[in-house]
Amino acid sequence: MLPLFACLALAAPVPALADACRDRIAAMFDGGPLDPFARPPHSFVGTTYDAAGNVRWIYEARYETPLKTVGGMQGGQQVLLDGSDSWMGASPDGPWTKAPNLIPDDHEGFIRAQMAQNVKNLDRTDCPGMADVDGTTLEKFVYFTKTDPTPESAGAWFGALNTVFVHPQNGRVMRWETSESVAHYAPDPSGDVQVNVYTYDPAITVSPPR
């Protein structure tokens, strides 16, 4: 029979392994797959499903950089962002009408502050390894995080459980699932699941209307 202290040791969690996973995910926000400023030009299609698996809506977006984007609901109003300036249009290609600026003047600083908050608030981290996604082997990372209510965000905050699939060769996010979403206006976890599928294209550009 094992001594009591040995049984307790075997039953205890291994924080070093958990911390290694958390540290790896945290590092991905600094020049890695979870750093939007390190992500090449891309588009993504985000499909939101309800708890029964029915499609609620589809969001489509093009990103040259995190500061130069076009996106909106499929078939609905589109928003073009260039720095802190914004325009609205009926299609991803316009025509565009100048819109009131709802983005902080220091848009980049705002995004980077939220990245830091996401790192600080990392929880439930898991690094299960490789997974097959539609016939492609990708590396899977899971974590919960949220932003903080700040004056810059007018007290708003958002959080979710994130399941991210990264290409092991080029380090690019290929699929990003969010679930258990919470926010300042909805503190109880949502039953919806959003699935973003990414496509990379160096030819993608987003230019403000002239």
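The values are calculated or read from the model by the stated rules, or taken from the named source; none is laboratory data. In this text the structure is predicted, and so the values were computed from the model without any measurement. For neighbour counting, all protein chains shown are included, and Cβ atoms are generated from backbone atoms with ideal geometry for every residue, glycine included.
Scan segment 156-205 residue by residue and report those that are aliphatic (A, V, I, L, M) and touching a Ser or Thr at 6+ places or on another chain (Cβ under 6 Å). Even if it seems obvious, please write down each step before you answer.
Here is the first cut: in segment 156-205, the ones aliphatic (A, V, I, L, M) are 156, 160-161, 164, 166, 173-174, 182-183, 186, 193, 195, 197, 203-204.
Those that are aliphatic (A, V, I, L, M) and touching a Ser or Thr at 6+ places or on another chain (Cβ under 6 Å): Ala160, Leu161, Val193, Val195.
So which residues in segment 129-160 are closer than 27 Å to Arg112 by Cβ, over 15 Å from the mean Cα position of the chain (by Cα) and of a type in the set (S, T, N, Q)? Don't jump to the end; show me each part of the working.
Quick first cut of segment 129-160, residues closer than 27 Å to Arg112 by Cβ only: 138-160.
Add one more test, that the residue is over 15 Å from the mean Cα position of the chain (by Cα), and what stays is 138-139, 148-156.
Listed by number, the residues that qualify are Thr150, Ser153.
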Subject >> Residue list for segment 28-79, filter: in contact with a helix residue (DSSP H, G or I) (Cβ under 7 Å, 6 or more places away or on another chain) and among the hydrophobic types (A, V, I, L, M, F, W, C) >> reply: Phe29, Leu67
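Of all strands (runs of 3 or more DSSP E) completely enclosed by segment 148-210, which ones contain at least 2 residues that are more than 29 Å from Gly94 (Cα to Cα)?
On the way: elements: 158-166, 173-183, 193-200.
So the answer is 158-166, 173-183.
Scan segment 142-175 residue by residue and report those that are of a type in the set (Phe, Trp, Tyr) and free of Cβ contacts under 8 Å to residues at least 40 places away in the same chain.
Taking segment 142-175 as the starting set, the residues that turn out to be of a type in the set (Phe, Trp, Tyr) are 143-144, 157-158, 165.
Passing the criteria: Phe144, Trp157, Phe158, Phe165.
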**OP:** Restrict the check to segment 180-191 and report whether at least one residue is of a type in the set (D, E, K, R) and within 24 Å of Gln78 (Cα to Cα).
**Re:** no
**OP:** Can you work out which of the residues in segment 162-186 that are more than 14 Å from Met28 (Cα to Cα) and β-branched (Val, Ile, Thr) is nearest to the chain's Cα centre (by Cα)?
**Re:** Thr178
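Among residues belonging to segment 183-210 that are of a type in the set (Asp, Glu) and exposed (fewer than 13 other Cβ atoms within 10 Å of the Cβ), point out the one that is modelled with the highest pLDDT. Show your work before the answer.
To start, the set of residues in segment 183-210 that are of a type in the set (Asp, Glu) comprises 188, 192, 201.
Those left that are additionally exposed (fewer than 13 other Cβ atoms within 10 Å of the Cβ): 188, 201.
Values: Asp188: 94, Asp201: 98.
For segment 183-210, the residue satisfying everything is Asp201.
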**OP:** With respect to Ala131, determine if the residue is out of contact with any helix residue (DSSP H, G or I) (no Cβ under 9 Å at 6 or more places or on another chain), under 26 Å from Arg62 (Cβ atoms) and surrounded by fewer than 16 Cβ atoms within 10 Å (Cβ to Cβ).
**Re:** no
**OP:** Look through Gln74, Gln78 and report the one residue that is farther than 20 Å from Glu180 by Cβ, touching a residue at least 12 places away in the same chain (Cβ under 8 Å) and surrounded by fewer than 14 Cβ atoms within 10 Å (Cβ to Cβ).
**Re:** Gln74
**OP:** List every residue pair whose Cβ atoms lie under 7 Å apart, where the two residues are 6 or more positions apart in sequence or sit on different chains, the first residue falls within segment 91-120 and is under 16 Å from Pro36 (Cβ atoms), and the second residue, located anywhere, is surrounded by 13 or more Cβ atoms within 10 Å (Cβ to Cβ) and aromatic (Phe, Trp, Tyr).
**Re:** Pro104/Phe110; Met115/Phe29; Asn118/Phe29; Val119/Phe29
